[in-house]
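The values are calculated or read from the model by the stated rules, or taken from the named source; none is laboratory data. Everything quoted here is computed from the prediction, not taken from an experiment. Note: ideal-geometry Cβ built from the backbone for every residue, glycine included; neighbour counts use all protein chains shown.
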Amino acid sequence: METLTANDLQQLQQKGITQEKLQQQLRDFKTGFPFARLVAPALKGHGVLSPSSQEQEHYRKLYREEAANNKILKFVPASGAATRMFKNLYACYESLKDYRNATRQDKAPENIELKPDVQEFFDRLPDFAFYEELENALNKIYGKSVASSLINKEYFCILDTLLENPQGLRYGKLPKALLLFHNYPDGPRMSLEEHLVEAALYASTQGVCHLHFTLSPEHREEFRNRLSQVLPKYESQYKVRYDISYSEQKPSTDTVAVTLQDEIFRDEDGRMVFRPGGHGALIENLNEIQADIVFIKNIDNVTYDALRQDTITYKELLAGILLQSREAVFQKLREIDSFLSGETSSSPSAGADQSRHAVGASCPDQAYLQELKDFATQQLCMALSEDLDSQSPEQQLEWFRQALNRPIRVCGVVKNTGEPGGGPFWVLAQGQKAPSLQIVESSQVDMGDARQKEIFNTSEFFNPVDLVCSLCDYKHEKFNLPDFVDPKTAFISQKSVKGTDIKAMELPGLWNGAMAHWITLFVEVPQTVFTPVKTVNDLLRPQHLAAPVSGFRN
């Protein structure tokens with residue numbers, strides 16, 4: 001391992017990273033991370049729940065009845081700039097900027113060939129919710145209209161006003177939360193505003209909506225300013241009070257960059273270069289949340305009022321499943337505690353037939369152990385250890401106590417329609433005797449293994465589009481969420497820093513490795529609740545464009 005200098009140690013201390021943690025990262029770069037061992041895709045009836053209409057109504061009713069007894073919070077990852085949303089526009093912008101600097105002309109060259117998505121962007125500019133703001137800023141900066149600029153092929157002026165000009169919209173530097181996503185009769189809304197509306201409609205208790213946004217430090221002030229401008233409108237419209245908190249990705253979750261020879265990469269001043277640990281680093285932020293039920297949803301996965309009913313319906317459904325599953329888990333854990341502590345001579349859940357389970361003061365009979373097995377496999381979609389039946393009753397109870405005493409997540413998954421990403425699978429982790437339900441990304445799969453590739457390609461479902469989580473145990477104590485991370489699900493990628501190739505490490509993703517050891521339930525939800533905006537042209541899809549209906553109420 002490399003010898004660290006005094007400056008290195010000071011840098012680590014400032015970030016809150018221990019020497020051992022740094023050395024572990026360096027070892028991981030050298031050894032790499034194992035591929036996931038896929039056993040089978042999670043399918044409907046085998047890892048993915050698909051409640052009937054009657055069951056759906058039961059779960060929704062349960063949530064509505066129990067919501068007031070729980071602190072509910074909506075957790076929205078919203079850090080990072082929207083730069084990637086405009087990747088192809090930026091490529092066009094940089095090319096036009098070079099041409100403009102060389103010719104001093106705003107007009108693009110006559111023979112310019114725009115990529116199809118860039119051409120679509122210009123052709124459909126009036127359809128975007130930010131069109132009016134763009135028009136006003138373009139006139140202010142360049143004295144031009146959007147229409148005339150398009151006719152004259154003055155594409156640079158449009159892109160500069162949209163992306164970079166300090167007097168323009170600066171969309172290339174803002175977070176997605178502050179971009180105008182949808183048009184309404186009373187004016188366009190930012191994606192941030194759509195989350196405020198959602199929270200009022202399914203995540204308020206006793207007139208209060210608790211929201212938590214993860215932000216980048218450079219966006220915090222502008223985010224709070226924009227939020228303060230719109231909050232009164234939605235508090236008045238939905239008769240709620242918003243309690244909003246923020247956090248930033250912790251510097252201690254950054255990962256060191258290395259050269260292609262796995263040595264620490266340093267900048268021109270000799271300082272170690274660190275990079276953000278990725279989405280999975282937010283498990284540390286989530287770990288500090290104090291709430292009974294936590295809804296998690298990305299900042300860009302929103303729709304407009306007229307299509308919002310499915311979102312509300314399935315949020316309530318997922319939360320109802322969580323509540324029922326949580327109470328059942330807690331009851332089983334209380335029973336197991338009673339057995340193992342010798343406080344009961346029969347199964348506490350057996351009612352009038354308790355005596356049929358009695359064997360000894362701390363030893364349940366086979367009927368009760370089978371009841372536990374049926375509960376774990378049928379209600380929680382858990383796989384049992386292959387050698388469980390060969391263990392003593394006390395050992396089996398201890399296995400169930402460890403298996404059940406975990407954070408719980410209920411994940412909405414949609415049918416796989418070819419979007420890039422991963423999906424739900426049965427996975428056998430190293431050292432485990434039974435597979436567990438996990439979200440697996442394509443980068444975690446050995447595509448050189450024909451069988452693994454086949455399993456991955458037969459997945460019917462896509463990554464979670466919504467999560468509803470329980471973070472406390474049956475004694476109402478907070479779990480320490482980092483204890484349930486699988487560190488071996490991190491991955492290494494090749495990046496470039498000022499033209500130099502480096503290796504970078506991303507921590508286990510929030511949906512997958514960071515929650516690998518949680519109790520996991522996958523629930524099928526319709527495509528209508530999955531409306532992400534990964535590129536600016538996604539805002540031209542019907543779920544973001546159709547004629548809105550103002551004043552929506554559930």
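Once the range 454-471 is narrowed to residues that are crowded, with 17+ Cβ neighbours inside 10 Å and more than 17 Å from LEU521 (Cα to Cα), the residue that is farthest from the chain's Cα centre (by Cα) is ILE455. Look at (1) under 19 Å from the mean Cα position of the chain (by Cα); (2) buried (at least 19 other Cβ atoms within 10 Å of the Cβ); (3) part of a helix (DSSP H, G or I) and you find that VAL302 fails only one, number (3).
Does GLU268 satisfy being over 26 Å from GLU66 (Cβ atoms), assigned to a loop (DSSP other than H, G, I, E, B), without any contact (Cβ under 8 Å) to a residue 40 or more places away in the chain and not small (Gly, Ala, Ser)? Considered against the rule, which asks whether it is over 26 Å from GLU66 (Cβ atoms), assigned to a loop (DSSP other than H, G, I, E, B), without any contact (Cβ under 8 Å) to a residue 40 or more places away in the chain and not small (Gly, Ala, Ser), GLU268 comes out as yes.
Identification of strands (runs of 3 or more DSSP E) wholly contained in the range 485-541 with 2 or more residues that are under 28 Å from LEU471 (Cβ atoms) and under 20 Å from the mean Cα position of the chain (by Cα) yields 500-506, 519-524.
Scanning the range 88-111 for residues that are of a type in the set (A, V, I, L, M) and either exposed (fewer than 14 other Cβ atoms within 10 Å of the Cβ) or more than 27 Å from LEU540 (Cα to Cα) (or both) gives ALA91, ALA102.
Does THR31 count as hydroxyl-bearing (Ser, Thr, Tyr) and farther than 18 Å from ALA429 by Cα?
no
Looking at (1) buried (at least 19 other Cβ atoms within 10 Å of the Cβ); (2) farther than 27 Å from THR535 by Cβ; (3) among the charged types (D, E, K, R), find the lone condition where GLU441 falls short. Of the numbered conditions (1) buried (at least 19 other Cβ atoms within 10 Å of the Cβ); (2) farther than 27 Å from THR535 by Cβ; (3) among the charged types (D, E, K, R), the odd one out for GLU441 is (2). Among the residues here, SER325 qualifies as in contact (Cβ under 8 Å) with a residue 12 or more places away in the chain and either out of contact with any Asp or Glu (no Cβ under 9 Å at 6 or more places or on another chain) or not in a helix (DSSP H, G or I) (or both). Of everything in the range 454-484 that is touching a helix residue (DSSP H, G or I) at 6+ places or on another chain (Cβ under 9 Å) and assigned to a helix (DSSP H, G or I), the residue that is nearest to GLY277 (Cα to Cα) is PRO482.
Is it the case that the range 228-251 has a residue that's hydroxyl-bearing (Ser, Thr, Tyr), farther than 21 Å from PHE75 by Cα and part of a helix (DSSP H, G or I)? Scanning the range 228-251 turns up at least one residue that is hydroxyl-bearing (Ser, Thr, Tyr), farther than 21 Å from PHE75 by Cα and part of a helix (DSSP H, G or I).
As a summary of the residue check, THR83 satisfies the conditions (1) modelled with pLDDT of 95 or more; (2) within 31 Å of the chain's Cα centre (by Cα); (3) among the polar types (S, T, N, Q) except for the one numbered (1). Of the residues screened, LYS140 is not one that is assigned to a loop (DSSP other than H, G, I, E, B) and modelled with pLDDT of 95 or more.
Any chance the range 356-370 includes a residue that's modelled with pLDDT of 55 or more, among the charged types (D, E, K, R) and farther than 26 Å from CYS411 by Cβ? The answer is yes; a qualifying residue exists.
Looking at ILE283, ILE293, ILE244, which one is among the aliphatic types (A, V, I, L, M), surrounded by fewer than 22 Cβ atoms within 10 Å (Cβ to Cβ) and either farther than 25 Å from ARG220 by Cα or within 17 Å of the chain's Cα centre (by Cα) (or both)? Within the list ILE283, ILE293, ILE244, the selection yields ILE283.
The selection criterion, being under 30 Å from ASP292 (Cβ atoms) and buried (at least 17 other Cβ atoms within 10 Å of the Cβ), holds for VAL76.
Does HIS182 meet the test of being under 23 Å from ALA81 (Cβ atoms), buried (at least 16 other Cβ atoms within 10 Å of the Cβ) and under 28 Å from the mean Cα position of the chain (by Cα)? Here the answer is yes, as HIS182 does meet what is asked. Residue pairs whose Cβ atoms lie under 6 Å apart, sitting 6 or more positions apart in sequence or on different chains, and linking a residue in the range 27-45 that is surrounded by 13 or more Cβ atoms within 10 Å (Cβ to Cβ) to a partner that is assigned to a loop (DSSP other than H, G, I, E, B) and among the small types (Gly, Ala, Ser), are PHE33/ALA490; PRO41/SER459; LYS44/SER50.
For the range 202-219, check the following and say yes or no: at least one residue is touching a residue at least 60 places away in the same chain (Cβ under 8 Å), among the hydroxyl-bearing types (Ser, Thr, Tyr) and touching a Phe, Trp or Tyr at 6+ places or on another chain (Cβ under 7 Å). Looking for residues that are touching a residue at least 60 places away in the same chain (Cβ under 8 Å), among the hydroxyl-bearing types (Ser, Thr, Tyr) and touching a Phe, Trp or Tyr at 6+ places or on another chain (Cβ under 7 Å), one finds none in the range 202-219, hence no. Among the residues making up the range 274-299, those that are touching a Ser or Thr at 6+ places or on another chain (Cβ under 8 Å), within 23 Å of ASN70 (Cα to Cα) and part of a loop (DSSP other than H, G, I, E, B) are GLU288, ASP292. May I ask you to say which residue of ASP127, ASP123 is free of Cβ contacts under 8 Å to residues at least 12 places away in the same chain, within 21 Å of PRO188 (Cβ to Cβ) and not assigned by TED's automatic domain parsing to the domain that holds LEU192? Result of the check over ASP127, ASP123: ASP123.
So that you can scan it fast, the table gives a plain yes or no per residue for (1) modelled with pLDDT of 95 or more; (2) within 17 Å of TRP511 (Cα to Cα); (3) in the same structural domain as SER252 (by TED's automatic domain parsing):
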site	(1), (2), (3)
ASP262	no, no, yes
GLU268	no, no, yes
ARG275	no, no, yes
ALA281	no, yes, yes
ASN287	yes, yes, yes
VAL294	yes, yes, yes
ALA306	no, no, yes
ILE312	yes, no, yes
LEU317	yes, no, yes
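Find the residue count for the range 364-399, including only residues that are crowded, with 17+ Cβ neighbours inside 10 Å, among the aliphatic types (A, V, I, L, M) and farther than 25 Å from HIS46 by Cβ. Adding up the residues that qualify gives 1.
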